[in-house]
């Protein structure tokens, strides 16, 4: 791979862009059916709808944890929004996705993209979930709902958001172990994963091994 | 260099990903007077308008509708948005049927489901309409539910104005051309559209690989779930590696070498866009400031 990480780590290399695009495309494919299901749930069982938030978290958390560069979450969610504009809400899903990516990346911006530990991912997810819960409360007029329902909505949203973040981190760890996107993240503090896969350019063989 | 840029296993997907896919096949413009991708056509056709005007323009109205609590404002804004969709988008029959049958159904279902969820203590003094098991439905709660459902329908219709008239690809092009988003980012998103069929192929390869190696998760629904989860990491790994190969192919063809690039599809910003944008804010403002108070006065 002709990426000299020392020189180009701060710029938008094409490799970085296309890696985020690939993660975003996978997220978008996941979000198309999720949009349909959540539209149905939001109208009938809004309490269960709040348990679906986690699906929107997996992609950006995975991208941030794997690539560890500024803008990874926003870029991934831009692509996810473009892909998932095949769902009923059309192109406006780009906006939704961009807002989620930006909200998640906020805490990393505050720490100047120097801290990448799991607790910061949890904090970021928590910030996003709090913002989203608030907006959902306004939209659904949850203040008029029974207290039990209110508590249930908050708990389910936070729980599913944190579960999504956990899943994203898990996937990033597995991918890192499989040797994917190696050298893309600038200056890792941790040493590379001990599993040394042969650097075969035909991705499917090594990809199948990493299962 | 050419040895490195050897196409991936499938080979065929590498080249098209590097170029602008052009107007997406099956874009909403298929049935309208406008030819997709040209933005030329009669002024009634919302598909000829700037994608940013139709998708981002209604955003302040969306935020405002979020904060309404009465019945009349969201109902009138929803009616206005529906009129725009019917007259200016003229969606194909199936979408039209889904809109005209689905939205009233959605409103009814939401009225009941949110009515059930409403705190009974806040609607003391109204009548009990029905009770099924532990659930009680009060008429006051139904009004709250109706307000929520009308608000949701209004939000949905405002979003559909942009959603039904543009494609994601056109929004990205407009972002690059008008919002000055770096074209490298925009074209990465456009290239990603070509990744989706690639994922299907990759999934087939991984399934076969698992079968050849005799990966066994047992039987039953839980094992099926585990099997599906087992595809996630190799699928993502394959996707990212494909992305890296595509990035090499793109760079080899000079992607990003120049500060600006020529566009195959130009998104115009014309007088009709300005008119539509002004109307987007003028109509809801008239509804809120003039129509609703007038109706409230005549009713009271």
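Here are some notes:
- Start at zero, step by 10 Å, and the Cα-Cα distances of the stretch A:12-179 spread as 11, 40, 35, 12, 2, 0 percent across the bins.
- Ordered by the number of other Cβ atoms lying within 10 Å of each residue's own Cβ, fewest first, B:55, A:44 fall into the sequence A:44, B:55.
- Ranking of A:97, A:20, A:122 by count of other Cβ atoms within 10 Å, fewest first: A:122, A:97, A:20
- Between the stretch A:91-122 and the stretch B:204-267, the C-alpha centres lie 23 angstrom from each other.
- Calculated diffusion of the stretch B:47-183, Stokes-Einstein form, Kirkwood radius summed over Cα pairs, 37 °C and 0.692 mPa s, µm²/s: 196 µm²/s
- Remark: A:31, B:106 ranked as B:106, A:31, counting other beta-carbon atoms within 10 Å and listing the fewest first.
- The stretch B:209-300: C-alpha gyration tensor shape, a/c 1.5 cut-off, then a/b vs b/c: oblate
Every read-out reported here was derived from the displayed coordinates using simple, explicitly stated rules and does not represent laboratory data. None of these values were measured; they are calculated from a predicted model. In this analysis, Cβ positions are derived from the backbone assuming ideal geometry, glycine residues included, and neighbour counts consider all displayed protein chains.
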